[in-house]
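Peer 1: Have a look at the structure that comes next, please.
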Amino acid sequence: MHQDPATTDPELYRVVFENDRVRVLEYRDKPGDRTMPHGHPDTVMYTLSSFRRRLSSGDRQADVELAAGQVRWLDAQEHAGENIGDSETHALFIELKEPAAAPRPAAGGALGPSAT
């Protein structure tokens, strides 16, 4: 199983709700902050602030820029992140505890959020 971000980076991730079907994490960081490698199951992300981040997983890297008020899907993934912008990041992650109906390939999937 993936490393839990609430354990790897407790100063950045906070569990704000959890039941048997979902877990909701609040994430906050400042410019220059980095996360340790961690994982998320299938997740819906809601951005509460605009931000720029660099996500990396193995030899793959993706720069992400999102405006406040965006809702994005994240396939289950492992990554580390860095705030590469000049503003604080504030987001909610709604992690699904139920597995996907059909497994998605982990190795070539999208790194970071997608609109679908």
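Peer 1: Which percent of the Cα-Cα distances in the chain go past 16 Å?
Peer 2: Taking all Cα-Cα pairs of the chain, the fraction more than 16 Å apart is 58 percent.
Peer 1: Same structure again: Counting only trypsin sites (Lys or Arg not before Pro) that are in a DSSP loop and have at most 13 other C-beta atoms within 10 Å, tell me the longest site-free stretch of the chain.
Peer 2: So the longest stretch without any such site is 22-96.
Peer 1: Could you work out the relative contact order of region 1-59? I mean the mean sequence separation of Cα pairs under 8 Å and 6+ apart, divided by the number of residues, in percent.
Peer 2: In percent, rounded to a whole number, it is 33.
Peer 1: If you don't mind, there's one more thing I want to ask. In deg cm²/dmol, rounded to 500, what helix-only [θ] at 222 nm does the chain give when every DSSP H run of at least 4 residues adds -39500 (n - 2.57) and the total is split over its residues?
Peer 2: Per the formula, -500 deg cm²/dmol.
Peer 1: Follow-up question, since we're still on this one. Find, among the GluC sites (Glu not before Pro) in region 1-93, those assigned to loop by DSSP (not H, G, I, E, B) with at most 12 other beta-carbon atoms within 10 angstrom.
Peer 2: Taking region 1-93 and a limit of 12 other Cβ atoms within 10 Å, the loop GluC sites (Glu not before Pro) found are GLU11.
Peer 1: Over region 5-96, what is the relative contact order in whole percent, taking alpha-carbon pairs under 8 Å and six or more residues apart?
Peer 2: With pairs under 8 Å counted, the relative contact order is 39 percent.
Read-outs throughout are calculated quantities, based only on the coordinates presented, and are distinct from any laboratory measurement. Values in this document were obtained by computation on a predicted structure and should not be read as measured data. Cβ atoms come from the backbone with ideal geometry, glycine included; neighbour counts cover every protein chain shown.
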